[in-house]
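J.: Attaching a single structure in structure tokens format; questions to follow.
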Amino acid sequence: AFAEIDQAVTISLWVYGDPAMQPQNNYVFEGRDAQNQRVLNSHLPWGNSNVYWDAGNGGSCAYDRLQIPADFEQYAGQWNHWAFTKDANEGSGSMRIYLNGEQLERAWGKTRSMAGITQFKIGSNTTNTAHYDGLIDEFRVWDKALKEATIKEWMNQSITPTHPDYDHLVAYFPFNEGEGNSAK
């Protein structure tokens with residue numbers, strides 16, 4: 001699914017962080033390349049209550065990063081929608097973090113490629129050592145940096161072919177199966 005990810009990406013998801021466990025050092029998702037270098041990652045949050053969004057790799061653990069301090073209710077005890085975008089070609093390279101359809105943070109000069117992802121985990125890092133304590137729903141990956149209006153309009157809807165960027169959807173896990181260890 002990640003073969004199309006190179007210069008642009010959007011990852012969006014609903015999360016409910018366990019209020020008894022958050023904040024803690026954990027990964028809500030992570031993608032690595034064949035050299036085991038981080039390419040995509042989010043700590044939602046890390047133990048310091050900061051939300052981190054890492055995207056792109058320049059080798060030797062040199063990735064583009066955007067971070068923002070978060071309040072407890074933004075990551076635990078209630079459902080929140082988070083979206084992370086990167087477009088290495090937009091202007092001088094942009095990264096953005098959205099919460100419940102509103103942009104919280106953005107940065108420029110983020111031009112590292114995201115090509116070559118060979119491993120990807122939802123709910124932990126790729127080595128399964130830093131699990132996310134909470135619930136995840138409607139996990140979506142796009143090979144395009146979606147616009148704020150599109151994120152806001154579709155965050156409360158299941159994805160259908162009527163979505164304006166449906167052709168750019170590369171992975172979609174609505175987590176509707178209700179049992180077992182598979183994601184559908």
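The values are calculated or read from the model by the stated rules, or taken from the named source; none is laboratory data. Here the structure is a predicted model, which is why all the values come from computation and not from measurement. So basically every Cβ, Gly included, is an ideal-geometry build from the backbone, and we count neighbours across all protein chains shown. Calculation scope for accessible area: heavy atoms of the full protein, side chains included, ligands and nucleic acids excluded. Shrake-Rupley method; radii C 1.70, N 1.55, O 1.52, S 1.80 Å.
J.: So how do Tyr166, Tyr16, Tyr27 rank on accessible area, 1.4 Å probe, biggest first, that is with the largest at the start?
T.: Correct descending sequence by accessible area is Tyr166, Tyr16, Tyr27.
J.: Using a 1.4 angstrom probe on the protein heavy atoms only, line up His131, His81 by accessible area, largest first.
T.: His131, His81
J.: So, one more: With unit charges on the beta carbons (Lys and Arg positive, Asp and Glu negative) and the dipole taken about the Cα centre of the chain, which residue among Ala1, Val15, Thr160 sits farthest to the positive side?
T.: Ala1
J.: Along the charge dipole of segment 1-158, which of Ala145, Ala88, Gly58 sits closest to the positive end, that is, farthest toward it, with unit charges on the beta carbon of Lys, Arg, Asp and Glu (+1, +1, -1, -1)?
T.: Of the candidates, Gly58 comes out farthest on the positive side.
J.: So, for the chain, what is the accessible surface per residue at a probe of 1.4 Å, expressed in square angstrom?
T.: About 45 Å² of surface per residue is accessible.
J.: Would you please put 107-116, 46-55 in order of how densely packed they are, using the mean number of other Cβ atoms within 10 angstrom per residue and starting with the highest?
T.: 46-55, 107-116
J.: Under 16 Å between alpha carbons: how many lysine pairs meet that in the chain, if sequence neighbours fewer than 8 apart on the same chain are excluded?
T.: Going through the chain pair by pair, I get 6.
J.: In addition: Find the relative contact order for the chain and round it to a whole percent, using C-alpha pairs within less than 8 Å whose residues are 6+ positions apart.
T.: Once divided by the residue count of the chain, the mean separation gives 28 percent.
J.: Mind running the shape call on segment 57-184? Use the C-alpha gyration tensor, a ≥ b ≥ c as the square roots of the eigenvalues: rounded below 1.5 for a/c, prolate if a/b tops b/c, oblate otherwise.
T.: rounded
J.: Magnitude of the Cβ-charge dipole of the chain, K/R +1 and D/E -1, about the Cα centre, nearest 20 debye?
T.: For this selection, approximately 440 debye.
J.: Among rounded, prolate and oblate, which fits segment 1-114 when a ≥ b ≥ c are the square roots of the eigenvalues of its C-alpha gyration tensor, a/c under 1.5 means rounded, and a/b larger than b/c means prolate?
T.: prolate
J.: Mind ranking 159-165, 88-94, 74-80 by how tightly packed they are, going by the mean number of other C-beta atoms within 10 angstrom, highest first?
T.: With the highest mean Cβ count within 10 Å placed first, the list reads 74-80, 88-94, 159-165.
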